[in-house]
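Student: Handing you a structure now.
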Amino acid sequence: MITYNNTMLKEWLLQNSEFLTGCRIQKIQQPTRRDFIFYLRNKGETKKLYININPQYYHIAFMNKENEYKRLIEIPQKPPMFCMLLRKYLENSLISKVNQPQYERILEIYIETYNELSEKIYLCLAIELMGKHSNIILYNYDTNIILGCAHNVGAEKSRERELAGGLPYIYPPTSPKQWFSDEILQTKNINKKLDDYYAEYIYNDKLISTKGNLKQAVSKKLKKDKNSLDKMESKLNKESSFYKYRLKGDLIMANLYNNKDFSKCIKVYDYENGKETIIELDETKTLKDNANNFYKLYNKGKNSILKLSELTKELKEKINYYEHILYSIEIANSMDELSEIKNELEPEKTTKNSAKISSPLELNIQGFKVFVGKNNRQNDYIVSKLSKDEDFWFHTKDCAGSHVLLKCENPSDTLILKCAELAKQYSKGSKSSKVGVIYTKRKNLKKPPGANLGYVTYKNEKEIIV
């Protein structure tokens, strides 16, 4: 990570002061609390001035389209209060000059505008790029009174300098007079260098952050379902002895005439286990009523087993699904792929634009096309849209991984092995010494109604150990 310093700001200002001086502020946006976009027009050209006061990557630069995408900018429907203040005073105003105080990481933009009485006034937008103290302050240059700040600073935060509307604007405490050298200064276009560097840095930072948030959310659901499964399996073990009630009922009915009603217990011969046994009874009821109670307990246990088995199956499918999601998050290397995963987890928040599917990995092996899905949306797209009946489908057995599709009707053994190796490579078992990979023709796949994205059943499969 490079350190943004006063030398960089000075060099950037030298290279861009000609455009900045005399340009008109057309539009102002504030996507988040810490980044701002000013649309500036001069000499028939419009540029987007991007200002970031995040302590991690504070900087200023003109954005190009590619880096605008990397910064993943989303404009909120309701602009923040400070943005409204900037629009009120600065939109359609002219920048009369720009300045950098000596040895400071402060860019001063002086604006010529008019007040409500149509009187010409001069304002100053001070952009302070100073790590965790970074801020943007708009003040009246004639009176030196602050109109507003991106972040107010009270006495409890700083003894030396308070910042808020109505207070006089003063410079930060004097900093050491240091000038830095950096490889970034060796370029003729420092703006491009800064824009490229910080856009990439912000993009990677958001990629890591989004991955972490998605992992945390999915892991929480996975843990909850695993705990539920443990409870279900424990109940299944307890209910598994339900068959004994039917046997007791049968033994009582077989010995109705050999025993008396309203007994505490009866002694009968257990023909299934080949021994005599004693059955404890409810002495307030007849033998037949006791037998019926045992049959009720048997039916109750049987029904419980059926319900618990269904719930257990559903939980296992959900656990398998979330494990596939976690794997997809792990191998995702773009925000588009992570957005697809997020939309899959939150379908109610998915819009038409966000529902677009990124392209699966496409390879050429021995002259044949091979597609690899890196998340469930891509897996589903491969199976439902790209494949034909005679194509071959590969997937790791009992292991989260990608769907691999081979566009070939009669592949050689070598080609099948290479695709199986690819399925192992793009799976959770990529580092295992041996992994089973199943493969079959596309026509043998079926997606059950209501199944999760990427889930298929298969038949006539073969297995290869890789």
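Student: Answer yes or no: is there a residue in the range 396-417 that is among the hydroxyl-bearing types (Ser, Thr, Tyr) and part of a helix (DSSP H, G or I).
Tutor: Scanning the range 396-417 turns up at least one residue that is among the hydroxyl-bearing types (Ser, Thr, Tyr) and part of a helix (DSSP H, G or I).
Student: Check the range 281-293 and report whether any residue there is among the small types (Gly, Ala, Ser), under 24 Å from the mean Cα position of the chain (by Cα) and either at pLDDT 90 or above or loosely packed, with under 12 Cβ neighbours inside 10 Å (or both).
Tutor: No, that holds for no residue.
Student: Another question, then. Scanning the range 84-100 for residues that are surrounded by 16 or more Cβ atoms within 10 Å (Cβ to Cβ) and more than 16 Å from Leu40 (Cα to Cα), which turns out nearest to the chain's Cα centre (by Cα)?
Tutor: Restricting to residues being surrounded by 16 or more Cβ atoms within 10 Å (Cβ to Cβ) and more than 16 Å from Leu40 (Cα to Cα), the top hit is Leu85.
Student: Only one of these conditions is not met by Leu72: (1) crowded, with 18+ Cβ neighbours inside 10 Å; (2) hydrophobic (A, V, I, L, M, F, W, C); (3) part of a loop (DSSP other than H, G, I, E, B). Which number is it?
Tutor: Status for Leu72: all satisfied but (1).
Student: Being in contact (Cβ under 8 Å) with a residue 60 or more places away in the chain and either hydrophobic (A, V, I, L, M, F, W, C) or in a strand (DSSP E or B) (or both) narrows it down to one residue among Ile109, Ile37; which is it?
Tutor: Ile109
Student: Does any residue in the range 129-147 that is more than 15 Å from Leu163 (Cα to Cα) come within less than 7 Å, Cβ to Cβ, of a residue that is part of a loop (DSSP other than H, G, I, E, B) and among the small types (Gly, Ala, Ser) six or more places away or on a different chain, and which pairs are these?
Tutor: Taking only residues 6 or more apart or on different chains, not a single pair turns up.
Student: I would also like to ask the following. How about the range 197-216: which of its residues are of a type outside the set (Phe, Trp, Tyr), over 12 Å from Leu338 (Cβ atoms) and buried (at least 16 other Cβ atoms within 10 Å of the Cβ)?
Tutor: Within the range 197-216, Ala199, Ile202 qualify.
Student: If you go through the range 1-32 one residue at a time, how many are part of a loop (DSSP other than H, G, I, E, B) and under 25 Å from Thr113 (Cα atoms)?
Tutor: 3
Student: Do we have Glu11 as out of contact with any strand residue (DSSP E or B) (no Cβ under 8 Å at 6 or more places or on another chain), modelled with pLDDT under 95, surrounded by 15 or more Cβ atoms within 10 Å (Cβ to Cβ) and of a type in the set (D, E, K, R) here?
Tutor: Criteria met by Glu11.
Student: While we're here: Counting only residues that are free of Cβ contacts under 8 Å to residues at least 12 places away in the same chain and assigned to a strand (DSSP E or B), how many does the range 270-285 have?
Tutor: Looking only at that region, the number is 2.
Student: Among the residues of the range 426-460, count how many are touching a helix residue (DSSP H, G or I) at 6+ places or on another chain (Cβ under 6 Å), more than 25 Å from Ala332 (Cα to Cα) and assigned to a loop (DSSP other than H, G, I, E, B).
Tutor: 2
Student: Report, by residue number, each residue of the range 113-128 that is more than 10 Å from Tyr141 (Cα to Cα) and either touching a helix residue (DSSP H, G or I) at 6+ places or on another chain (Cβ under 6 Å) or not polar (S, T, N, Q) (or both).
Tutor: If the condition is that a residue be more than 10 Å from Tyr141 (Cα to Cα) and either touching a helix residue (DSSP H, G or I) at 6+ places or on another chain (Cβ under 6 Å) or not polar (S, T, N, Q) (or both), then Tyr114, Glu116, Leu117, Glu119, Lys120, Ala126, Ile127, Glu128 are the ones that fit.
The values are calculated or read from the model by the stated rules, or taken from the named source; none is laboratory data. What you see is a predicted model; the values in this text were computed from it and never measured. All Cβ positions, glycine included, derive from the backbone under ideal geometry; neighbour counts span all protein chains shown.
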